[in-house]
Amino acid sequence: MAIRHFLQFNDLSRAELEYVFERARWIKAQFKAYQQYWPLTDRTLVMIFEKASTRTRLSFEAGMHQLGGSAIYLNTRDSQLGRGEPVEDAAQVISRMSDMVMIRTFEQDIIERFAANSRVPVINGLTNEYHPCQILADIFTFIEHRGSIKGKTVAWIGDSNNMCNTWLQAAEILDFNVHVSTPPGYEVEPERANLYGHDHYEEFADPMEAARGADLVTTDVWTSMGFEAENEERMRDFADWQVDADMMEVAASNALFMHCLPAHRGEEVAAEVIDGVQSVVWDEAENRLHVQKALMEFLLLGYLKV
Ligand code: CP
Ligand code: NVA
């Protein structure tokens, strides 16, 4: 079987994504019923972090253990990665000693080069451009609460960052719409988002208009990791792009709110929204565990009879 990577959301087809969601549902149910499920016994996941993480590290490490395998954590600070070893060399070595690699890094190019030199599947645990595992969890969470996302409208409020780009890719594959509102100067760059077309998103100058009638309202930090030098300027530029109760009011009456976390209450989201009844952020965070277990199972074992 050819090696499959998950570097961008569109590395999986619609049918494969639907399979992964179905497996995630089953794996989650087994986990909740305290049923041991060890399809990845003796398999090793290496996790490479060049940026901070709570959820991604925890969900991959716990997930791998729960599937019967083990996980090894490497970071830039105390491995040779931080001392200039070429990513191609690191990929050759790391992939000879492990069965799968997850990487959180800066430019997408780094993970692409790693994957091109890897003998094992590589998973994107966040780059400047994309965060595909998070969007897997977000869509799985939407499906759990509201059924199919096909034809639905997601309002993206704020920065056209890695999360936004990945939502836009997902919309093309799974056939839903994204209404994007960013401050001037922070608009979507379709090339950076690597979109097949522009049929599934619409840009709005006014965030209230983007949220109007939406089935899901979602946002993220104003300053992503790696962009800290722009923080002060961004605080000013994004001040009118906070998801607050008035914005949720114009969304569909049963609209959900999501945020990949960590969140800054009083900046991109009002406390009353993230801590309110429409928010599903804790389910969303938990679902990282279940969807990534399904993803790892799929990348290593392919389709299983269900
Ligand atoms: N949402 C997310 O990826 O969280 P961490 O940065 O804590 O991994
Ligand atoms: N857009 C954020 C997501 C953090 C999980 C960042 O890249 O920092």
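Can you tell which of 227, 238 is closer than 28 Å to residue 145 by Cβ and of a type in the set (A, V, I, L, M, F, W, C)? Among 227, 238, only 238 is closer than 28 Å to residue 145 by Cβ and of a type in the set (A, V, I, L, M, F, W, C). Scanning the stretch 152-170 for residues that are among the β-branched types (Val, Ile, Thr) and over 21 Å from residue 248 (Cβ atoms) returns a single hit, 166. For the stretch 145-185, filtered to residues that are open to solvent by 30 Å² or more (accessible area, probe 1.4 Å), touching a Lys or Arg at 6+ places or on another chain (Cβ under 9 Å) and not polar (S, T, N, Q), the residue that is farthest from ligand 1 (Cβ to nearest atom) is 175. If you scan the stretch 231-278, which residues turn out to be of a type in the set (Lys, Arg) and open to solvent by less than 50 Å² (accessible area, probe 1.4 Å)? Within the stretch 231-278, just 234 meets the criteria. Identify, from the list 223, 218, the residue that is of a type in the set (S, T, N, Q), in a strand (DSSP E or B) and surrounded by 14 or more Cβ atoms within 10 Å (Cβ to Cβ). Every option except 218 fails the conditions. The listed residues are 98, 118, and the only one of them that is polar (S, T, N, Q), in a loop (DSSP other than H, G, I, E, B) and more than 20 Å from residue 57 (Cα to Cα) turns out to be 118. In the set 189, 202, 228, only one residue is within 16 Å of ligand 1 (Cβ to nearest atom) and surrounded by fewer than 19 Cβ atoms within 10 Å (Cβ to Cβ); that residue is 228. Put simply, of 76, 54 the only residue that is at pLDDT below 95 and either closer than 17 Å to residue 122 by Cα or among the polar types (S, T, N, Q) (or both) is 76.
If the condition is being within 16 Å of ligand 2 (Cβ to nearest atom) and farther than 20 Å from residue 302 by Cα, then the stretch 82-108 contributes 103, 104, 105, 106, 107, 108. Among the residues of the stretch 48-84 satisfying the criterion of being in a loop (DSSP other than H, G, I, E, B) and of a type in the set (A, V, I, L, M), which is most open to solvent (accessible area, probe 1.4 Å)? Among those that are in a loop (DSSP other than H, G, I, E, B) and of a type in the set (A, V, I, L, M), it is 52. Picking from residues in the stretch 121-139 that are within 12 Å of ligand 1 (Cβ to nearest atom) and part of a loop (DSSP other than H, G, I, E, B), the one that is nearest to the chain's Cα centre (by Cα) is 131.
The values are calculated or read from the model by the stated rules, or taken from the named source; none is laboratory data. Predicted model only: the values in this text are computed from it and were never measured. Here the Cβ is made from the backbone with ideal geometry for all residues, glycine too, and neighbour counts use every protein chain on show. Only protein heavy atoms, including side chains, enter the accessible area calculation; ligands, DNA and RNA are left aside. Shrake-Rupley method; radii C 1.70, N 1.55, O 1.52, S 1.80 Å.
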